[in-house]
Amino acid sequence: REITDSGIAAVRRLWAGQAEPYDAMGETLEVKTYPAPYQRNIPLWLVFSSSLQIWTKAGREGFNVLALLNSWEMIEESIAHYRQAREQHGLDPAAGIVTIGLHTFIGEENDEVRRLVEEPLKSYLGSFLLAKNDDKCLNSVQAPMSVEEKQIILASAFEDYFENRSLLGDLEKCRKVVDRLQGIGVNEVACLIDFGVDFERVFGALDRLTELKNIYADSVRPEAVEEAPEGESKTGDFSWYYNR
């Protein structure tokens, strides 16, 4: 966290056109960045999910937030802390941007999408499960999980992701997820599309994702219509990012 804080401060100074000292083989050099940015201040996102302390810090210091949807209840509570912290420190609570990352593939039918994404998503989730398992067992007498145990956990995780915490399925199913996100104060969806489905299928499904995006093209919260203070991004438009 200390490294992050100092790095953010350095990026902000460089963005503002100031020189930043760097050590180069024992010699201190003054470094500036070019070309000069058009925006005076850089909008920054902090990336995290579960620490209310960090959500509060982001609100207090005027950062935006990028998080994963680990729990609907937790994310709703976190957003409330974030908005409250902004207001308590003299910032417009509605101006901060909350971005939620979701695994995304929109198809014609839910069952069809389920069959297509199940194995790639299980494999993707399994890579994280394996890393966590090895880390916990490195200095422990506890035996590593068996193949059967991993399969049970992955099957449960896949069901949770598919049914509750993703944009996986048909248009109507995914629209309900976006409506719920809007309802708890989320401003943007970052669509994670590169979790193992082959490129041609992913590319072919982008039209349906665009169709979903266009439903919210004019979705502006009334309290966010006014211009944001200088240096802050205006929110209200429900935005999307494709990650590949």
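The values are calculated or read from the model by the stated rules, or taken from the named source; none is laboratory data. Note that the coordinates shown come from a computational prediction; the quantities given were computed from them, not determined experimentally. For neighbour counting, all protein chains shown are included, and Cβ atoms are generated from backbone atoms with ideal geometry for every residue, glycine included. Quick note on the areas: whole protein, heavy atoms, side chains included, nothing else; ligands and nucleic acids left out. Shrake-Rupley method; radii C 1.70, N 1.55, O 1.52, S 1.80 Å.
The figures follow:
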item	result
Test: residue in the range 62-85 that is at pLDDT 95 or above, more than 19 Å from the chain's Cα centre (by Cα) and not β-branched (Val, Ile, Thr)	yes
In the range 183-216, the residues that are without any contact (Cβ under 8 Å) to a residue 40 or more places away in the chain and either part of a loop (DSSP other than H, G, I, E, B) or among the aliphatic types (A, V, I, L, M) (or both)	Asp198, Leu206, Tyr216
Leading residue by the ranking (nearest to Lys57 (Cα to Cα)) among those in the range 68-107 that are in a strand (DSSP E or B) and open to solvent by 10 Å² or more (accessible area, probe 1.4 Å)	Leu68
Residue check for Val65: open to solvent by less than 30 Å² (accessible area, probe 1.4 Å) and part of a strand (DSSP E or B)	yes
The range 47-62: number of residues that are among the β-branched types (Val, Ile, Thr) and open to solvent by 80 Å² or more (accessible area, probe 1.4 Å)	1
Among (1) modelled with pLDDT under 95; (2) surrounded by 16 or more Cβ atoms within 10 Å (Cβ to Cβ); (3) within 21 Å of Met74 (Cα to Cα), the one test that Cys191 misses	(1)
Some residue of the range 152-162 being under 17 Å from the mean Cα position of the chain (by Cα) and polar (S, T, N, Q)	no
Enumeration of residues in the range 154-170 that are crowded, with 16+ Cβ neighbours inside 10 Å and over 29 Å from Gln84 (Cβ atoms)	Leu154, Ala157, Phe158, Tyr161, Phe162, Leu168, Gly169, Asp170
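Residue-wise test of (1) surrounded by fewer than 10 Cβ atoms within 10 Å (Cβ to Cβ); (2) more than 23 Å from Ile97 (Cα to Cα).
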| position | (1), (2) |
| --- | --- |
| Thr4 | no, no |
| Val11 | no, no |
| Gly17 | no, yes |
| Tyr22 | no, yes |
| Gly26 | yes, yes |
| Val31 | no, yes |
| Ile42 | no, no |
| Trp45 | no, no |
